[in-house]
Structures are given as C-alpha cells and as structure tokens.
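Encoded as structure tokens, the structure appears first; notes follow it.
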Amino acid sequence: MSAHTGGTRERTAELRALREQVRRGPSEKATEAQHAKGKLTGRERIDLLLDPGSFREVEQLRRHRAVGFGLEAKKPYTDGVITGWGTVEGRTVFVYAHDFRIFGGALGEAHATKIHKIMDMAIAAGAPLVSLNDGAGARIQEGVSALAGYGGIFQRNTKASGVIPQISVMLGPCAGGAAYSPALTDFVFMVRETSQMFITGPDVVKAVTGEEISQNGLGGADVHAETSGVCHFAYDDEETCLAEVRYLLSMLPQNNRENPPPVESSDPDDRSGQALYDLVPADGNRSYDMRAVIEELVDDGEYLEIHERWATNIIVALARLDGHVVGVVANQPASLAGVLDIEASEKAARFVQMCDAFNIPLVTLLDVPGFLPGVHQEHGGIIRHGAKLLYAYCNATVPRVSVILRKAYGGAYIVMDSQSIGADLTYAWPTNEIAVMGAEGAAGVIFRRQIAEAADPEAMRERMVKEYRAELMHPYYAAERGLVDDVIDPAETRNVLIRSLSMLRGKHAELPHRKHGNPPQ
C-alpha cells in the first residue's frame with residue numbers, strides 16, 4: 001500500500017477499497033480456475049453456510065512474513081485462509097475456510113496462527129467450529145514452521161473435543177498430516193469428485209507398493225463414506241453439503257454445558273403407531289427395514305442418519321421426539337440380520353460418546369441376533385472393538401431408554417444398552433425374545449444327549465426347542481424378573497418414549513472423579 005494521505009474520510013474510503021479488493025480475491029483468473037474445477041471460493045462457501053450478512057471476519061489483512069523461495073515478493077492478504085464468526089439460524093458459529101486461490105490454500109505460519117486464534121475464540125465463546133477445507137497441505141517454502149502450525153491445530157482439536165461441536169467439511173484435497181485434524185473432529189462432510197483425504201497419495205502408494213489407483217479411488221468421498229468410515233456424510237455438490245451442515249448444527253447444542261435447541265412440534269405426542277404392527281414381522285427370521293420403524297416413531301418422520309453407508313447393520317441418527325433432539329441407535333435387520341460386528345460396534349460407540357458429550361438423550365432400538373461369528377472377526381479384535389460400544393454406553397450419563405422389538409440374544413443384548421449396564425428405562429414389545437441364544441441353538445446345547453439318543457432325533461429336537469421357548473423365551477420372562485420395565489403395545493411406543501424422556505430430562509448422574517477413563521482400543 002502507498003503512504004496514507006488525506007483525512008479520516010479519505011482513509012476510510014481507502015480501507016473500504018482495500019477490503020473490497022481482499023474480498024474479490026487475488027484475480028478473476030484465479031476465481032475462474034476455481035469454478036472450472038466445480039468448486040466454490042472460500043467466501044462463497046461461507047455465504048452458503050452462514051445466515052446472510054452475519055459473517056464477521058477476523059484478521060482479514062494478515063500477511064505472512066516469510067522470506068526465501070520468492071515468498072517475500074508474494075504477500076497476499078488473508079494468507080490463504082478466511083477466519084471469523086457468524087450465525088446459523090441465529091446462533092453463533094465460528095468458521096475458517098481455506099482459499100485455494102492463494103498458495104493453493106497451503107498452510108504457513110501466519111495462516112496457522114489465524115486458525116489457532118479462531119479455534120481459541122470458539123472454545124472461549126462456547127460455540128461450534130466449522131472448517132471448510134480446501135488446502136494443499138503444508139507450505140513447503142516455510143519448512144517446519146508450517147508443520148508446527150498443524151501441531152497447534154491438532155492440540156486445539158483435542159482440547160475442544162467434547163466441549164464444542166467440531167465439523168470438518170472437505171471441499172478439496174487433504175493429504176498427509178493435514179488429514180488428522182478432520183479425524184479429530186466430531187463430523188466429516190465430503191463432496192464427491194472434488195474432495196479427497198489420504199495420508200500418502202497415489203504416487204507414493206505406487207512407488208512403495210506398486211499399486212496404481214486414482215485420487216478418488218484412494219481417498220474420495222465414496223471410499224470414506226462406505227469403506228473406511230472416515231466420512232460421515234457425502235454429497236454430490238457443495239450447495240447440498242453446506243445446507244446439510246446447517247441442518248446438523250440446528251440439532252446440536254452450542255457446547256457441552258447446554259442442551260440441543262428444542263422446537264415446537266406439530267406431531268402429536270400421543271400419535272398412535274398402528275403401522276408398526278405390520279412393519280415388524282413377529283417371525284424373528286424375517287427381515288425388515290428399521291428405518292421405517294424410526295420414521296414411524298420420530299417427529300414428522302424426519303431424522304438425520306449418520307454414517308449411512310458404512311457399517312449398515314446398525315443405524316445411528318439424530319431425530320426429534322416432541323421437539324426435543326434424541327440420538328437413535330438401532331440394529332438393522334435388513335443388513336447382515338442386524339448383527340454386531342467390528343465396524344458396527346465402532347460406529348455406534350463413537351455416536352454414543354458424541355451424544356453423551358453434547359447432552360443428547362439416547363434411544364436404543366434392539367433387534368440383534370448376537371455378534372458376528374468368524375475367524376476374521378475374532379482375529380480383527382471383535383472383543384476389544386465390541387467393548388468400545390459397551391464402554392460408551394456404561395460411561396454415558398444422558399437419559400437412556402431402550403426398546404426391544406424382537407430378538408435380543410447373548411452378549412449383544414447386554415451391550416446394546418440393557419438395564420444391567422445402566423439404561424434408565426427398558427421396554428419390550430410382546431414380540432421380544434430375550435435369551436442367551438436362539439431357541440434352536442440353546443436346545444441343541446442343553447438337550448444334546450436326549451436328542452442324540454432319541455428314536456427320532458429331529459422330532460425330539462423340535463419338541464425341546466418348543467419347550468425351551470415356552471419356558472425361557474416367552475415375552476414376559478424378562479419382565480417377570482425385572483429385566484425390562486414394561487412390555488408395551490408397539491402402537492404406543494412413540495408416546496412411551498416421549499413421556500419417559502420428559503421425566504428423565506432433569507437426570508443428573510455423577511461419574512467417579514478421574515482425569516479420564518482408559519477405553520478399549
């Protein structure tokens with residue numbers, strides 16, 4: 001800038017011109033190149049995320065002080081990252097957005113310092129932090145100073161964990177150590193074709209292993225949404241993606257000291273769910289889609305499913321009951337019969353922890369035949385992975401209500417928020433079968449000798465199965481022993497859940513004093 005001249009009005013006009021220049025970005029050509037890739041600019045993204053006119057930028061005029069490799073001749077304002085705060089549906093949200101038009105969004109010392117500052121502000125203000133990621137990693141010209149900047153981000157991600165909601169929106173490349181920041185946050189959004197995440201890129205993979213793979217094949221949105229589980233949500237375009245970020249924020253509290261915001265519900269709390277009689281077959285061997293059950297129970301049939309395409313044998317979702325946000329964990333009989341396996345356990349455990357951190361009550365819908373048997377599962381550590389879900393539930397102090405629709409067998413029944421691990425209220429439908437294992441398997445173990453010695457082993461087996469089911473698996477066995485609080489009419493499930501959660505809204509539970517637990521890994 002030239003030396004300042006003139007009075008206050010002239011200097012203010014100069015400031016306005018400078019700010020407008022910064023808002024436009026480095027050049028029209030750079031903006032056109034960004035659009036040609038099917039990507040929006042950082043400021044366009046912020047405009048879509050935040051309420052109109054609410055964004056207040058911080059350190060807009062920051063520039064780097066690095067020298068060498070030509071950097072001293074190129075010192076653009078913002079240093080490639082836009083930071084500030086605004087509102088989403090009137091509630092404060094902090095945001096930082098990489099500007100790929102400047103240094104490819106690469107992180108240097110000044111760039112990192114801006115991010116550190118906005119993260120500190122978000123933690124201090126107790127408001128969510130959204131990062132709009134579109135950067136080329138560390139700024140190589142600045143060397144280890146850039147790497148240290150990432151360390152500061154990781155430290156703050158960890159400090160903010162469970163204190164404020166953290167959402168990472170991947171809108172471009174994210175490679176190397178930079179990928180660990182999104183991994184430390186609560187939710188990761190990605191856009192197909194334009195966003196990728198990986199620790200080592202395709203060229204390194206080919207050099208080391210000989211495998212050839214594209215960037216999207218290695219770390220694209222679909223890969224992380226379906227295979228790795230790194231990504232919670234994947235969308236076809238940025239506009240839809242950012243609209244869904246707004247929707248998610250509307251269901252989360254500002255911080256861990258608040259409850260999620262309630263809304264007025266026009267869906268009657270005593271609405272009868274007659275459709276449930278036909279949605280869930282009484283025959284435990286018949287499949288059905290648990291999503292239809294969730295739609296019937298929650299307000300207006302609306303819910304936000306998380307990790308929809310990963311570990312599909314379990315469903316985790318945010319929804320509302322009588323206007324209040326709840327977290328739903330449900331087995332999915334339409335996928336692997338709803339068994340628990342390594343990935344389902346991890347998916348549900350992380351969701352339970354998130355809900356507990358942010359004061360979101362838990363509703364668990366059970367129809368689980370057990371843990372998935374197999375060498376791969378055992379060698380993959382199903383014991384420690386399954387224990388993650390057990391630990392998460394046992395550690396959760398939010399209101400917890402579970403409903404057993406049909407099967408609830410073995411250790412999987414205990415793990416899925418049974419009364420014995422601390423569920424506040426447990427209900428069962430008259431179609432429930434709570435047991436150590438299915439009647440066929442149990443009869444085969446208990447009556448093995450009688451079946452083997454019978455003149456007609458198959459007839460004896462059928463008889464023993466009926467006997468076991470009549471004695472130990474009838475719908476009221478658990479209720480008679482106080483293992484469930486009530487057996488309820490399926491059509492009344494919505495009303496029972498709403499009344500139960502209303503009673504539990506003032507729940508207060510103390511955990512033993514400790515620095516932190518040591519959960520299974």
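Please indicate, with yes or no, whether at least one residue in segment 69-82 is in contact with a strand residue (DSSP E or B) (Cβ under 6 Å, 6 or more places away or on another chain) and surrounded by 17 or more Cβ atoms within 10 Å (Cβ to Cβ).
So far as segment 69-82 goes, yes, one or more of its residues are in contact with a strand residue (DSSP E or B) (Cβ under 6 Å, 6 or more places away or on another chain) and surrounded by 17 or more Cβ atoms within 10 Å (Cβ to Cβ).
Return the pair list, or none, for Cβ contacts closer than 8 Å from residues in segment 446-469 that are in contact (Cβ under 8 Å) with a residue 12 or more places away in the chain to residues that are β-branched (Val, Ile, Thr), at least 6 apart or on different chains.
460/451; 461/451; 464/446; 464/451; 468/446
So which residues in segment 373-390 are assigned to a helix (DSSP H, G or I), more than 23 Å from residue 485 (Cα to Cα) and either of a type in the set (Gly, Ala, Ser) or open to solvent by 30 Å² or more (accessible area, probe 1.4 Å) (or both), if there are any at all?
Across segment 373-390, the qualifying residues are 375, 376, 378, 379, 383, 384, 386, 387, 388.
Given the criterion within 27 Å of residue 405 (Cβ to Cβ) and of a type in the set (D, E, K, R), identify the matching residue among 291, 246, 257.
291
Looking at the structure I just gave you, is residue 226 at pLDDT 95 or above, open to solvent by 70 Å² or more (accessible area, probe 1.4 Å) and not aromatic (Phe, Trp, Tyr)?
yes
Can you tell me which residues in segment 355-406 are within 18 Å of residue 325 (Cα to Cα) and either more than 18 Å from the chain's Cα centre (by Cα) or modelled with pLDDT under 95 (or both)?
Those that are within 18 Å of residue 325 (Cα to Cα) and either more than 18 Å from the chain's Cα centre (by Cα) or modelled with pLDDT under 95 (or both): 365, 397, 399, 400, 401, 402, 403.
Residues in segment 17-38 that are at pLDDT 85 or above, surrounded by 14 or more Cβ atoms within 10 Å (Cβ to Cβ) and outside any helix (DSSP H, G or I): how many?
Of the residues in segment 17-38, 1 are at pLDDT 85 or above, surrounded by 14 or more Cβ atoms within 10 Å (Cβ to Cβ) and outside any helix (DSSP H, G or I).
So which residues in segment 134-151 are at pLDDT 80 or above and either surrounded by fewer than 16 Cβ atoms within 10 Å (Cβ to Cβ) or charged (D, E, K, R) (or both), if there are any at all?
Answer for segment 134-151, where residues must be at pLDDT 80 or above and either surrounded by fewer than 16 Cβ atoms within 10 Å (Cβ to Cβ) or charged (D, E, K, R) (or both): 134, 144, 148, 151.
Here is a yes/no grid of residues against (1) open to solvent by 10 Å² or more (accessible area, probe 1.4 Å); (2) within 15 Å of residue 371 (Cβ to Cβ); (3) free of Cβ contacts under 8 Å to residues at least 12 places away in the same chain:
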{"site": "295", "(1), (2), (3)": "yes, no, yes"}
{"site": "300", "(1), (2), (3)": "yes, no, no"}
{"site": "303", "(1), (2), (3)": "yes, no, no"}
{"site": "313", "(1), (2), (3)": "no, yes, no"}
{"site": "322", "(1), (2), (3)": "yes, no, no"}
{"site": "330", "(1), (2), (3)": "no, no, no"}
{"site": "346", "(1), (2), (3)": "yes, yes, no"}
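If we scan segment 53-65, do we find a residue that is buried (at least 22 other Cβ atoms within 10 Å of the Cβ) and within 29 Å of the chain's Cα centre (by Cα)?
Scanning segment 53-65, I find no residue that is buried (at least 22 other Cβ atoms within 10 Å of the Cβ) and within 29 Å of the chain's Cα centre (by Cα), so the answer is no.
Cβ-Cβ below 8 Å, separation at least six or inter-chain, first residue in segment 199-212 and under 20 Å from residue 174 (Cβ atoms), second among the polar types (S, T, N, Q) and loosely packed, with under 13 Cβ neighbours inside 10 Å: which pairs?
Once the first residue is under 20 Å from residue 174 (Cβ atoms) and sits in segment 199-212, its partners that are among the polar types (S, T, N, Q) and loosely packed, with under 13 Cβ neighbours inside 10 Å give 202/214.
The values are calculated or read from the model by the stated rules, or taken from the named source; none is laboratory data. Just so we're clear, the structure is a prediction, and the values are computed from it rather than from any experiment. Please note: Cβ atoms are built from the backbone with ideal geometry, for glycine as well, and neighbour counts cover all protein chains shown. Note: accessible area is taken over every heavy atom of the protein model, side chains too, but ligands, DNA and RNA are not part of it. Shrake-Rupley method; radii C 1.70, N 1.55, O 1.52, S 1.80 Å.
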